[in-house]
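Comments concern the structure below.
The numbers here are math on the coordinates, done by the rules we state, and not lab data. Just so it is clear, the model here is predicted, and its values are computed rather than measured. Cβ: placed from backbone, ideal geometry, glycine included. Neighbour counts: every protein chain shown.
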Ligand SMILES: [Zn+2]
């Protein structure tokens, strides 16, 4: 699957975002090693603290379906769903992604025109990983 195809899946997932408080819609598409894709959107909550990000929605969907080997995740987002800047994963999502794919996971970002790719290790240096608690 190409980066643009994965971004397309993230853009489609963004349409389902539930973000009545921030109006910042986010979509994510997680590519598994077996080629399957799990998408997610942000799901806000009136308590704010119970809000879940698009990336974690995608990861939790995948893990709950037995997938743990991830290759890449595309993330898109913007105010009112307008994608005009790169939307990078928050710190909590970086940590959750690191649980399953800390070294080689590719983070695929899209600002509406350009694609930018980082490894998770670049976005979360010196991470606390499962290795730390063995
Ligand atoms: Zn997040």
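Arrange 4, 14 by Cβ neighbour counts within 10 Å, fewest through most, would you? Walk me through the numbers before you get to the answer.
Values: 4 12, 14 26.
The fewest-first ordering by Cβ neighbours comes to 4, 14.
I'd like the antiparallel share, as a percent to the nearest 5, of DSSP beta bridges with both residues in the chain.
Working: 20 of 25 bridges.
Of the beta bridges lying entirely in the chain, close to 80 percent run antiparallel.
Once R0 is set to 30 Å, what does the formula 1/(1 + (r/R0)^6) return for the Cβ-Cβ distance between residue 5 and residue 103, expressed as a FRET efficiency to the nearest 0.05? Walk me through the intermediate numbers first.
Values: r = 24 Å, r/R0 = 0.79.
Between residue 5 and residue 103 the formula returns 0.80.
Scale the Cα Rg of the stretch 56-114 by the rule-of-thumb value 2.2 N^0.38 Å and send over the ratio, two decimals. Let's see the in-between values first.
Details: Rg = 12.3 Å, N = 59, 2.2 N^0.38 = 10.4 Å.
The value comes to 1.19.
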Arranged from highest to lowest average of other beta-carbon atoms within 10 Å per residue, in what order do the peptides 127-134, 102-109, 33-40 appear?
-> 102-109, 33-40, 127-134
For the chain, calculated [θ]222 nm from helices alone, where every DSSP H run of n ≥ 4 adds -39500 (n - 2.57) | -8000 deg cm²/dmol
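Multiply the residue separation of residue 22 and residue 118 by 0.36 nm, subtract the distance between their alpha-carbon atoms, and state the gained length in nm to one decimal. Mind showing how you got there, number by number?
Details: separation 96, 0.36 × 96 = 34.56 nm, distance 2.63 nm.
Difference between extended and current length: 31.9 nm.
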